[in-house]
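Take a look at the structure set out below.
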Amino acid sequence: MKIRVILLASAVLLSGFLLSACQTKSQHGHRHTAAKSIPHSEVATEEVGEEEVPVEKIAGLVIDLRNMPKLEEIIPELAKARVVYVGEAHTTYGHHLNQLDIIQRLHELDPNVAIGMEFFQQPYQEYLDAYVAGAIDEKEMLRKTEYYTRWIYDYRHYQPILRYARENGLPLIALNLPKEIIRKVATEGMDALSEHEKMQIPAEIDDSDKVYRKRLEHIFSMHPRSDGRTFDNFLQVQLLWDEGMAERAAEYLELNPEKRLVVLAGIGHLEGGAGIPKRVTRRVPVESVIVLPGGTVDARPGVSDFLLFPDDVKLPPKGVMGVMLDDKEGAFITGVFPESQAEKGGLKKNDIILSMDGIAIRDVADLKIHLLDKKPGDKVKLVVLRKRFFLDDAEISLEVELGD
């Protein structure tokens, strides 16, 4: 395992020790506890309108860069928590390798580890169970969970984590709500949901956190919209995401009291504990700790318990054809990039890919799954349906060398 550097998000530097100040208190009085934390009651505050704002001077804080601990040094602290939240920027490979490293180290100490994942949706839990049990392979799991139509990011970011879980029998927990519900709320609001859809969302949604709302107002204001979507709908979507994932995590913890849960989610769902973490502790009083990627958030008190700086590592290049695709008629080619491998291999706009290496291609997701482990320079054999204006449509066999 590679050595990575940790920065403890701290409120005080004293005798070379950095103390973490990430405790969030739920409306029911349960605290989100963290290693070496300072209770909120010890930080002086003053009233500003309806919000409490710390009086401390943030500019006076010091971080001793000479004494930053390494990952292995904080694992005993993480192991004290029953829930370990590890944040990510979805497209940063180093973040996902850090997530895997934490999972592996915790698993070495305690075999009762489960992994909760934002990037799979709750209705597809049975296929994650089947994958871990060895009943279906990786490609079938991706088809059954509809990964490529429900999560837009390169699966290779998460592949090492899922493979480790399968090899070691670690439960994988789908945390996210169905995309259809989120999309409807984003465009029409919560009131537009049908009774059946309302049964799939949490009965309890807490929107009382003014700081949470203010942060989202700032994010919304930075992205002007021309589609008519309102801030209220945006807020409802974020609340649904956070409450939905928190409810699923809490259910798993209650049903499996012997398990430790490592939750993998985007930074915005974990920052400051206001998204998922405090909504879990509102439901289940568990000790938890938050680890966020260094360099993605300000190193200020309360943002996280630990900041973990990733190695500068990139995904290896994947093999690509150089086409634009649409699902309207299977894997329909809407465009071919000039001088691409696709153009060199004879593919044309409006071709429909019927098969690749003898395997039927029904849609774009099938194509992505088949290309998953392909590298630049690999060759694939295609059968395409070519539509012709004055002649009958024809099936054409081609061989394309993948580029990067």
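Computed from the coordinates by the stated procedures, all read-outs in this text should not be read as laboratory data. Since we're looking at a predicted model, the values are computed, not measured. Counting neighbours? That spans all protein chains shown, and the Cβs are built from the backbone with ideal geometry, glycine included.
Are there trypsin sites (Lys or Arg not before Pro) in the stretch 247-354 that DSSP puts in a loop and that have at most 13 other Cβ atoms within 10 Å, and which ones?
The qualifying sites are LYS314, LYS349.
Which of the GluC sites (Glu not before Pro) found in the stretch 169-203 are loop residues per DSSP with 10 or fewer other Cβ atoms within 10 Å of their Cβ?
When the GluC sites (Glu not before Pro) of the stretch 169-203 are filtered for loop state and at most 10 Cβ neighbours within 10 Å, nothing remains.
Using a cut-off of 20 Å between alpha-carbon atoms, which lysines can reach LYS198, once sequence neighbours fewer than 8 places away in the same chain are excluded?
LYS179, LYS184
Do any chymotrypsin sites (Phe, Trp or Tyr not before Pro) in the stretch 210-310 lie in a loop, going by DSSP, with at most 13 other beta-carbon atoms within 10 Å of their beta carbon, and if so which?
none
Suppose every K and R has +1 on its Cβ and every D and E has -1 on its Cβ; what is the size of the dipole of the stretch 323-401 about the Cα centre, in Debye to the nearest 20?
About 120 debye.
Kindly put MET321, MET199 in sequence by how many other C-beta atoms sit within 10 Å of each C-beta, fewest to most.
Lowest to highest Cβ neighbour count: MET199, MET321.
What's the magnitude of the charge dipole for the stretch 82-211 around its Cα centre, counting Lys and Arg as +1 and Asp and Glu as -1 at the beta-carbon? Answer in Debye, nearest 20.
So the magnitude is around 360 debye.
With the Cα gyration tensor of the stretch 264-404 giving a ≥ b ≥ c as the square roots of its eigenvalues, does the rule (a/c under 1.5 for rounded; else a/b larger than b/c for prolate; else oblate) give rounded, prolate or oblate?
Here the stretch 264-404 falls in the prolate category.
How big is the C-alpha Rg of the stretch 192-306 next to the rule-of-thumb value 2.2 N^0.38 Å, as a ratio?
Taking N as the residue count of the stretch 192-306, the ratio is 1.15.
Need the list of lysines near LYS368 for cross-linking: C-alpha distance under 18 angstrom, and skip anything on the same chain fewer than eight residues off.
Within reach: LYS139, LYS144, LYS318, LYS328, LYS379, LYS381.
Which is farthest toward the positive dipole end of the stretch 257-404 among PRO301, LEU264, MET356, measuring Cα position about the Cα centre, with Cβ charges +1 (Lys, Arg) and -1 (Asp, Glu)?
It is PRO301, whose Cα lies furthest towards the positive end.
May I ask for the equivalent-ellipsoid semi-axes of the stretch 323-401, computed as the square root of five times each C-alpha gyration tensor eigenvalue and listed largest first in whole Å?
19, 14, 12
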